[in-house]
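A short worksheet on the structure shown next.
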Amino acid sequence: MDRIYSIRHFGLFSKPFLTIKNNGFIYRDNLYTHDDIKAIRTSGGRGQPLRMGVQLNDGKLILINAAALELSGVKAKTGFFSGNNVVFEELREYFESPHT
């Protein structure tokens, strides 16, 4: 089953931006696999929302903010002190884990 991630803008509306499929992930209407990932960087925490940047080989950069992240239209609850949530951690684990 596809996992559709959205980002909530200004707390008012959300826009789907990433779909995880069995054979990879779709970002900006392009299908990518783990072979297309060049680098992953995470920042924030200590009271600030965690952020992740996924650099792709074609030059695109996927920016993800834990505080604005939604999964299937449901906003994730972000910890006040950690700046993190379960949805963000699942997505980070997806990008960081090796896939064949």
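In the stretch 1-19, which residues are of a type in the set (Phe, Trp, Tyr), open to solvent by 50 Å² or more (accessible area, probe 1.4 Å) and part of a strand (DSSP E or B)?
Phe13
Tell me which residues, restricted to the stretch 20-43, are of a type in the set (Gly, Ala, Ser) and open to solvent by 30 Å² or more (accessible area, probe 1.4 Å).
Ser43, the sole residue that qualifies.
Being assigned to a strand (DSSP E or B), open to solvent by 40 Å² or more (accessible area, probe 1.4 Å) and at pLDDT 90 or above is the filter here; which residues of the stretch 44-100 pass it?
Listed by number, the residues that qualify are Arg51, Gln55, Leu61, Leu63.
The values are calculated or read from the model by the stated rules, or taken from the named source; none is laboratory data. This is a predicted model, so every value here is computed, not measured. Keep in mind that these areas ignore ligands, DNA and RNA; they rest on the heavy atoms of the full protein, side chains included. Shrake-Rupley method; radii C 1.70, N 1.55, O 1.52, S 1.80 Å.
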